[in-house]
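The values are calculated or read from the model by the stated rules, or taken from the named source; none is laboratory data. Note that this is a predicted model, so its numbers are computed, not measured. Neighbour counts are summed over all protein chains in view; Cβ atoms, including those assigned to glycine, are modelled from backbone coordinates with ideal geometry. SASA here: full protein model, heavy atoms, side chains in, ligands and nucleic acids out. Shrake-Rupley method; radii C 1.70, N 1.55, O 1.52, S 1.80 Å.
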Amino acid sequence: MIRNPRDIQRYNASERANHWVVGICFILLALSGLAFFHPAFFPLTQLFGSPTWTRILHPYIGVVMAVFFLIMALRFARLNYIAQRDIEWLKRVGEMVNGDDHNMPEQGKYNGGQKMLFWGLVLGMSLITITGVLMWRSWITVPVGVIRVASVVHAAAAVFMIGLIIMHVYAAIWTKGTIRAMLYGTVTRAWAKQHHRAWYRQVTGDKR
């Protein structure tokens, strides 16, 4: 793809690769986890070869996702601190949903909704990782009562994460030009100025 030299880089190659590794791992974990969550989803085990292989692979894929998510979280945490303008944006999010986002409070690289999503994912990922380790009986031994509680929290956190990811994907599709950023790393100046004006000014020096 030939990129317009006036486009703005939003993500470099390393950041995009990090994102896609986490995303692919999440899909694999969601499918394998659902396979054991309810009998109706059990046929999904065939995607991994067999029920046995599904059970073996699930925690190891989880380790890969946890490591790459940690890297991603450390990369973007400082950009996701919630400021007063983010709170104001959240209070007026209904305007944006109704298609009138031109008078929304100016946002940095991420808006208030994206920041809430980020910290929600951090919380969900932390719960899934901790409980997943406690349930991994091949490597750790804990009382049965702990495993039972961990299993319930693990399932609840997984459902929470799936809900957040669905919102994330929907928002990316709904806001035209967003998916391009994670495919090619760039966005148009018009997109940046409309959706993240403070960030646009920061990277371009344009004070208008």
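Rounded to the nearest 10 degrees, the inclination of helix 51-76 to the longest alpha-carbon principal axis of the chain is 30 degrees. Binning the alpha carbon pair distances of segment 76-138 at 5 angstrom intervals from zero yields the distribution 4, 17, 21, 17, 12, 10, 7, 6, 4, 2, 1, expressed in whole percent. Each Cα pair under 8 Å and six or more residues apart adds its separation to the average, and for the chain the resulting relative contact order is 27 percent. With springs only between Cα atoms under 10 Å, which of V149, V133, V64 fluctuates most in a Gaussian network model of the chain? Among V149, V133, V64, the largest mean-square fluctuation in the Gaussian network model of the chain belongs to V149. Here's the picture: charge each Lys and Arg Cβ at +1 and each Asp and Glu Cβ at -1 in segment 89-128, and of Y110, L123, W89 the one pushed furthest to the positive end of that dipole is L123.
Per-residue packing, averaged as other Cβ atoms within 10 Å, sorts the ranges 29-35, 57-63, 46-52, 71-77 into the order 29-35, 57-63, 71-77, 46-52, beginning with the highest. Take every Cα pair under 8 Å whose residues are at least 6 apart in sequence, average their separation, divide by the length of segment 85-155, and the relative contact order is 26 percent. Which loop chymotrypsin sites (Phe, Trp or Tyr not before Pro) in segment 135-208, with loop taken from DSSP, have no more than 14 other Cβ atoms within 10 angstrom of their Cβ? In loop regions of segment 135-208 (DSSP not H, G, I, E or B), the sparsely surrounded chymotrypsin sites (Phe, Trp or Tyr not before Pro) are W139.
Across segment 3-104, the relative contact order, built from alpha-carbon pairs under 8 Å that are at least six residues apart, equals 25 percent. For the chain, the longest principal axis of the alpha carbon atoms and the long axis of helix 112-135 meet at an angle near 20°. Calculated mean residue ellipticity at 222 nm for the chain: -22500 deg cm²/dmol, from DSSP H runs with n ≥ 4 weighted as -39500 (n - 2.57), summed, divided by the residue count and rounded to 500. Volume per residue of the convex hull around the Cα atoms, evaluated for the chain, comes out as 151 Å³. Between A190 and V144, the contour length at 0.36 nm per residue exceeds the Cα-Cα span by 10.9 nm. So how much accessible area does L79 have, in Å² to the nearest 10, using a 1.4 Å probe? In the full protein context, L79 sits at about 50 Å². Distance between Cα centroids, segment 39-92 to segment 106-158: provide it in whole Å. About 9 Å separates the Cα centre of segment 39-92 from the one of segment 106-158. Using a simple spin-label model with pseudo-atoms 7 Å out from Cα toward Cβ, L183 and R16 lie 1.0 nm apart.
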